[in-house]
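The values are calculated or read from the model by the stated rules, or taken from the named source; none is laboratory data. Worth saying up front: this structure is predicted, and the values here are computed from it rather than measured. All Cβ positions, even for glycine, are placed from backbone atoms using ideal geometry, and neighbour counts span all protein chains on display. For accessibility, only protein heavy atoms count, side chains too; no ligands or nucleic acids. Shrake-Rupley method; radii C 1.70, N 1.55, O 1.52, S 1.80 Å.
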Amino acid sequence: MVMAKTVILGAGYGGMATAVALEKSHQPFTIINKHEYHYFTTLLHEPAGGRNQFENYSVPLRDVLHRAESEILVASVNALRPQENKVVTDSGEVDYEYLVIALGNAPEYFGIPGMQDNALVLRSLDTARQVHEHIENTFKSWQEDHDDTRLRILVGGAGLTGIELCGELAEWMPELAADYNLPLEKIELINLEAAPSILPMLDEGLREEARRVLESKGVQLRTGTAITKVNPNQVELKTGETIDAKTIIWTGGVRANPLIKEAGFEVDPKGRAKVNEFCQSVDYENVFVIGDSAWFTGEDGKPLPPTGQAAEQMGSLVADNLIALQNGGSMQAFHFNNRGTLASLGAEVGVGSVKGIPAKGVSAALLKEATKVKYLWHLGGLRMLSEKRGQFKRKG
Ligand SMILES: Cc1cc2nc3c(=O)[nH]c(=O)nc-3n(C[C@H](O)[C@H](O)[C@H](O)COP(=O)(O)OP(=O)(O)OC[C@H]3O[C@@H](n4cnc5c(N)ncnc54)[C@H](O)[C@@H]3O)c2cc1C
């Protein structure tokens, strides 16, 4: 059986999982992505914080999707036209019979004035590079004017992204101080979080452990501290306090890619398209929506939070469902298999839980490394594992 024309939008965790599974079943598809590579979003804090070279955090799509029938279109999707079975890209219009939307997320600014214009974000390889270069250039020029706000970094948000970034930046600071002859005692790394605690998805003991580790590395964690406005090089807090800093990074939340809402799909307050138990849009039965783009209600009646592991699992299931749908078979319902959460706190230490078992310290860091190995294996087997694996080690 050869499938009808299937188009996948986005080559992140969800889109790649669908594409890899379709290839394994010898089914043709077109995957449309902004770049000719797939990047490892869950690891972006590592190159942003100087752990390793940026090239190690992406892989060309053709190195994963080998079959000639797998068409790769490098283009930006500008609009979705589900009523006409079309997507509009900057390279022209593309028709489909079945569509998989895996376009990921956009930052959630919660309407905080000035945040979008004055803060950096960490959500793609390009933005990770911007964070890295901005900090390096800002620190480097301290020698010109001795302006200490150059040596202050503010990270908004203490979820997984903000905390992992702080862990990585904390380890980079001594290196930067040595490279540019900066006073290490003047470097400040401050995390600002409106909620009462960091890493809300973890148990209290693990949250406390993460706090202890980060504070021992010099990170100032200010929970219960809401940002109300961001000016160029300055944040204003609910308390009335202002903090000046030349580097402000926002990691406080995500919402779905805005193209989904613009196309008229039924969406939740985060702009995610409502899907049924098969990850199929409730509006169009030939459209599947996965990952951070999908509003999927879990078995507990709550919307599934956006994670890479959910995106991957949905992606594989949707490939099977696409085949079943066209083959007269029955589609399978999605059941999220929560493998747990692991947060790195720098290269050698982590915190988290796997299948309900808590892990901290070096063992959590090793478990996190194991998830990288597993992912590389899933993408490209032994060859990809041997090519990429060694490159993840901290630069010497
Ligand atoms: C620093 C960091 C750490 C994280 N750590 C974890 C973790 O430990 N565990 C976990 O489960 N999750 C983690 N996450 C969350 C996880 O990365 C996301 O939930 C996951 O990437 C979502 O997968 P997705 O396929 O929906 O979207 P993505 O992986 O974001 O993929 C979307 C793809 O669509 C492409 N795209 C977007 N717009 C367009 C367009 N208009 N045209 C063409 N292409 C487009 C993008 O370039 C990208 O390739 C982390 C995220 C960050 C930023």
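The table that follows gives values for the structure above.
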quantity: The chain: antiparallel DSSP beta bridges as a percent of all, rounded to 5; calculated: 50 percent
quantity: Stretchable slack from Lys140 to His26, in nm (0.36 nm times residue separation minus alpha-carbon distance); calculated: 35.8 nm
quantity: Å² per residue, accessible surface of segment 340-396 at 1.4 Å; calculated: 51 Å²
quantity: Fully extended contour minus Cα-Cα distance, from Asn276 to Trp377, at 0.36 nm per residue; calculated: 33.3 nm
quantity: Solution diffusion estimate, µm²/s, Stokes-Einstein, segment 1-149, Kirkwood Rh from C-alpha pairs, 10 °C, viscosity 1.306 mPa s; calculated: 90 µm²/s
quantity: Longest site-free stretch - the chain; sites: GluC sites (Glu not before Pro), DSSP loop, at most 11 other Cβ within 10 Å; calculated: 1-240
quantity: Relative contact order (percent, whole number), segment 340-396, Cα cutoff 8 Å, 6+ residue spacing; calculated: 23 percent
quantity: Inter-label distance, nm, simple model (7 Å from Cα along the C-beta direction), Arg222/Leu366; calculated: 3.9 nm
quantity: ³J(HN,Hα) computed for each position of segment 308-324 - Karplus, 6.51 cos²θ - 1.76 cosθ + 1.60, integer Hz, glycine/proline x; calculated: x, 5, 5, 4, 4, 5, 5, x, 5, 4, 5, 4, 5, 5, 5, 5, 4
quantity: Euclidean distance of C-alpha centroids, segment 310-369 and segment 197-214, integer Å; calculated: 21 Å
quantity: Normalised contact order of the chain, rounded percent, pairs of Cα under 8 Å and 6 or more residues apart; calculated: 18 percent
quantity: Semi-axis lengths, Å, the chain, gyration tensor of Cα atoms, sqrt of 5 times eigenvalues; calculated: 37, 22, 21
quantity: With Cα atoms, 0 to 90° folded angle of helix 204-216 axis to the chain main axis; calculated: 50 degrees
quantity: Neighbour cut-off at most 11 other Cβ (10 Å), DSSP loop, trypsin sites (Lys or Arg not before Pro), segment 1-50; calculated: none
quantity: Under-5 Å amide H pairs with Lys229, H placed in peptide plane, nonlocal only; calculated: Glu236
quantity: Cα centroid separation, segment 30-85 to segment 146-189 (Å); calculated: 29 Å
quantity: Equivalent ellipsoid semi-axes - Cα gyration tensor, segment 116-215, angstrom; calculated: 26, 16, 12
quantity: Taking segment 74-223 and dividing mean pair separation by its residue count, relative contact order in percent (alpha carbons under 8 Å, at least six apart); calculated: 16 percent
quantity: Residue among Arg212, Arg255, Arg123 with the largest mean-square fluctuation in a Gaussian network model of the chain, springs linking Cα atoms under 10 Å; calculated: Arg212
quantity: Rounded if a/c under 1.5, otherwise prolate or oblate - segment 340-396, Cα gyration tensor axes; calculated: oblate
quantity: Computed over segment 231-355, Cα set: Rg, Dmax in Å; calculated: 19.1, 63
quantity: Long-range HN-HN contacts of Ala106 with modeled amide H, under 5 Å; calculated: Arg255, Ala256, Asn257
